[in-house]
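Right, one structure below, let's go through it.
The values are calculated or read from the model by the stated rules, or taken from the named source; none is laboratory data. In this text, all values refer to a predicted model and were calculated from it rather than measured experimentally. A quick note on method: Cβ atoms are made from the backbone with ideal geometry, for glycine too, and the neighbour counts reach across all protein chains shown.
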Amino acid sequence: MTSPLIYVESCPICGDGLCRIRICVTNQRLTGLVLCDECEAMWTDPSMQERIESSSSETEPSCPTCNQSLWGEQSHWASIGEVCLLGWFDRVRIAKV
Ligand SMILES: [Zn+2]
Ligand SMILES: [Zn+2]
């Protein structure tokens with residue numbers, strides 16, 4: 001089973017990556033972010049007005065809610081259901097992969 005690729009647009013920072021929806025779940029709380037799959041630039045939502053500067057500037061992007069790595073076990077790329085839950089469904093594009 002392949003999951004569809006959900007993204008907002010191609011990345012305005014690096015030009016190569018796609019800005020996709022990253023989900024972090026801690027204490028049953030769902031945090032949604034827009035994250036470039038190439039350069040790891042982050043935004044608070046699909047309007048991409050507000051960029052998030054990663055607090056641990058070192059290697060990995062971290063969740064602004066729990067500060068854990070967005071490549072950690074509590075985090076994953078959003079499913080369509082999760083995008084709906086965030087209320088972002090009409091602001092993303094879906095590509096079949
Ligand atoms: Zn990028
Ligand atoms: Zn988190």
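Tabulated results
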item: Any hit, the range 60-71, residues being at pLDDT 95 or above and not in a loop (DSSP other than H, G, I, E, B); result: no
item: Residues within the range 63-97 that are under 18 Å from G17 (Cβ atoms) and in contact with a Leu (Cβ under 8 Å, 6 or more places away or on another chain), tallied; result: 5
item: The range 1-21, residues that are touching a Cys at 6+ places or on another chain (Cβ under 8 Å), among the β-branched types (V, I, T) and not in a strand (DSSP E or B); result: I13
item: Number of positions in the range 22-57 that are of a type outside the set (S, T, N, Q), outside any strand (DSSP E or B) and under 16 Å from R91 (Cα atoms); result: 4
item: Pair list, Cβ under 6 Å, 6 or more apart: the range 10-24 residue in contact (Cβ under 8 Å) with a residue 60 or more places away in the chain, other residue within 16 Å of ligand 2 (Cβ to nearest atom) and part of a loop (DSSP other than H, G, I, E, B); result: I21/A78
item: Residue in the range 78-93 that is free of Cβ contacts under 8 Å to residues at least 12 places away in the same chain and either within 16 Å of ligand 1 (Cβ to nearest atom) or among the basic types (K, R) (or both) present; result: no
item: Failed criterion for N67 (all others in (1) within 13 Å of the chain's Cα centre (by Cα); (2) within 16 Å of ligand 2 (Cβ to nearest atom) hold); result: (1)
